[in-house]
Structure formats: C-alpha cells, structure tokens
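**Q** The structure that follows is given in the form of structure tokens.
The values are calculated or read from the model by the stated rules, or taken from the named source; none is laboratory data. The shown structure was predicted, so the numbers you read here are calculated from the model rather than taken from an experiment. Backbone-built Cβ (ideal geometry, glycine too); neighbour counts: all protein chains shown.
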Amino acid sequence: MEDFWLYLKLGFDHVLDWNAYDHVLFLTVLVASYSFQQSRKVVWLVTLFTIGHVLSLALSAYNILRIESSIIEFLIPVSIIFTAVYNIFTAGKAKGNSKINLLYFVTFFFGLVHGFGFSTYFNMLAKSADNIFLMLVEFALGIELAQILVVFVVLLVGFIVQNIFRFSKRDWVLVISSIVLGMTIPILAENWIF
C-alpha cells in the first residue's frame, strides 16, 4: 500500500511540477475552448492523454521502444504550440465531429510524446519495482487526478472570465492560447534539433 501512494504521488507531482510545467501548459491550451457543460468530452481528452502517456512509459519500461530524448524534448513544445495554434485558428467556430475526432487523435499522440519525455526517470524507478504494470497503473492514477485538478481550475477560470468579466468565449480562447504559445516558444528554442 505504501508503494501505491508513492507512485500515485509521483504521477500527481509529475503533472504539477513547476520546474517542468509542460503538462500544465498543454492541458490549459487543450481545454481552453471547453466549458463545464462539455465536461464529458474534456474527461475523454484528458483520459486519452493519460493513456498515451502511460502507453509510452510501458513501451519504454518493457524495452519495446525507446526514442532519443532530444527528439522528445523537441516534440513536447511542438505539441503545445500545435494545440495553441489550432485553438487560435478555430476559436469561435462551431466544433464539428471531424474536429473533435482529430483532437482526440492528436491528444493521444501527444500523450505518447509526453510519456516518452518522462521515460528515462520512470525506467530508473521501474528497475526497483516488484511489478512494473502495477506501478504504471498507480502512476497513471496520479497523472489523471492531477490533470483533472488542472482542467477544473482552467474551466473554473474560464467560467469566471466569461461570465463575470464578460469576455467572449472566442476572446478567452485566443488570449489563453496566445499566452501559452508565448510561454512555449522559448522552450522550443531551447530544444531545437535542426
């Protein structure tokens, strides 16, 4: 039971680590265009991200697939920038099914990328684990709880800004996406591989 809390806390802290705030940036821009009324879609997006994240950790922990860290460190800010730019170009437009399906696929793919970014550290921990699969499940629960917390805060701030301060939803999405974009470009420059 002690290991359960340890790995759950590790997953929780991994998302909320302010020294590596890429998860928070990605989640913020991912759900900026949603509201509490769309929480079912938001939960699916967050869960797909977690599944992708854990799948890549499993692929790495079981020595099935490893990707060079410089490529992953480059793709992480690319994933955030892609999502921010996607929001900027689609802000204020009706969400059709094809847009949602694309976003689900992209979210899962970016979950894979973000998971590979943490895999080196995770693999060091997995060497001492009795059961890697159980460790992955516990870690995934921690990630999911932290992501739900971040998403709740983003949706709450969005609700306040749109309903109390009377920002339009389009303006809210544009402002948040632009802020995240501005914060992520320096991360991309630091990890540029070309």
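**Q** Starting from residues that are among the hydrophobic types (A, V, I, L, M, F, W, C) and over 8 Å from the mean Cα position of the chain (by Cα), keep the ones in the stretch 16-31 and report whichever is surrounded by the most Cβ atoms within 10 Å (Cβ to Cβ). First the steps, then the outcome.
**A** Taking the stretch 16-31 as the starting set, the residues that turn out to be among the hydrophobic types (A, V, I, L, M, F, W, C) are 16, 18, 20, 24-27, 29-31.
So of that shortlist, the ones also over 8 Å from the mean Cα position of the chain (by Cα) come out as 16, 18, 20, 29, 31.
Values: L16: 17, W18: 6, A20: 14, V29: 29, V31: 25.
Restricting to residues being among the hydrophobic types (A, V, I, L, M, F, W, C) and over 8 Å from the mean Cα position of the chain (by Cα), the top hit is V29.
**Q** Hey, among the residues in the stretch 46-65 that are of a type outside the set (A, V, I, L, M) and surrounded by 15 or more Cβ atoms within 10 Å (Cβ to Cβ), which one's nearest to V175 (Cα to Cα)?
**A** F49
**Q** Does the stretch 60-68 contain any residue that is of a type in the set (V, I, T), at negative phi and free of Cβ contacts under 8 Å to residues at least 40 places away in the same chain?
**A** yes
**Q** Do we find that V43 is closer than 20 Å to M183 by Cα, hydrophobic (A, V, I, L, M, F, W, C) and surrounded by fewer than 16 Cβ atoms within 10 Å (Cβ to Cβ) in this structure? If you could, list the steps in order and put the result at the bottom.
**A** Values: closer than 20 Å to M183 by Cα: no; hydrophobic (A, V, I, L, M, F, W, C): yes; surrounded by fewer than 16 Cβ atoms within 10 Å (Cβ to Cβ): yes.
Answer is no for this residue.
**Q** So how many residues does the stretch 114-133 have that are farther than 12 Å from V54 by Cβ and of a type in the set (A, V, I, L, M, F, W, C)?
**A** Residues in the stretch 114-133 being farther than 12 Å from V54 by Cβ and of a type in the set (A, V, I, L, M, F, W, C): 4 in total.
**Q** Output the qualifying pairs, or none if there are none: Cβ atoms under 6 angstrom, residues six or more apart or on different chains, first residue in the stretch 168-194 and closer than 25 Å to K93 by Cα, second residue β-branched (V, I, T) and part of a helix (DSSP H, G or I).
**A** W172/V161; S177/V29; S177/I88; V180/T28; V180/V29; T184/I80; T184/I81
**Q** Looking only at the stretch 150-170, which residues are exposed (fewer than 15 other Cβ atoms within 10 Å of the Cβ) and not aromatic (F, W, Y)?
**A** The answer is V153, L156, V157, I160, N163, I164, R166, S168, R170.
**Q** Looking at the structure I just gave you, is M135 buried (at least 21 other Cβ atoms within 10 Å of the Cβ) and either of a type in the set (S, T, N, Q) or farther than 18 Å from L30 by Cβ (or both)?
**A** Judged against the criteria, M135 is a match.
**Q** Being buried (at least 23 other Cβ atoms within 10 Å of the Cβ) and closer than 27 Å to Q38 by Cβ, is that true of even one residue in the stretch 116-131?
**A** Looking for residues that are buried (at least 23 other Cβ atoms within 10 Å of the Cβ) and closer than 27 Å to Q38 by Cβ, one finds none in the stretch 116-131, hence no.
Residue by residue, here is whether (1) basic (K, R); (2) at pLDDT 90 or above; (3) more than 12 Å from V46 (Cα to Cα) holds:
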{"site": "Y104", "(1), (2), (3)": "no, no, no"}
{"site": "T107", "(1), (2), (3)": "no, yes, no"}
{"site": "V113", "(1), (2), (3)": "no, yes, yes"}
{"site": "F118", "(1), (2), (3)": "no, no, yes"}
{"site": "Y121", "(1), (2), (3)": "no, no, yes"}
{"site": "L125", "(1), (2), (3)": "no, no, yes"}
{"site": "M135", "(1), (2), (3)": "no, yes, yes"}
{"site": "E138", "(1), (2), (3)": "no, yes, yes"}
{"site": "A146", "(1), (2), (3)": "no, yes, no"}
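**Q** Just give me the residues in the stretch 10-34 being hydrophobic (A, V, I, L, M, F, W, C) and assigned to a loop (DSSP other than H, G, I, E, B), in sequence order.
**A** Of everything in the stretch 10-34, those that are hydrophobic (A, V, I, L, M, F, W, C) and assigned to a loop (DSSP other than H, G, I, E, B) turn out to be W18, A20, A32.
**Q** Turning to a different aspect of this structure: Can you find a residue in the stretch 35-56 that is more than 25 Å from N191 (Cα to Cα), assigned to a loop (DSSP other than H, G, I, E, B), at pLDDT below 95 and not charged (D, E, K, R)?
**A** Looking through the stretch 35-56, at least one residue is more than 25 Å from N191 (Cα to Cα), assigned to a loop (DSSP other than H, G, I, E, B), at pLDDT below 95 and not charged (D, E, K, R).
**Q** For L155, indicate whether it is in a helix (DSSP H, G or I), in contact (Cβ under 8 Å) with a residue 24 or more places away in the chain and either charged (D, E, K, R) or more than 25 Å from W44 (Cβ to Cβ) (or both).
**A** Answer is no for this residue.
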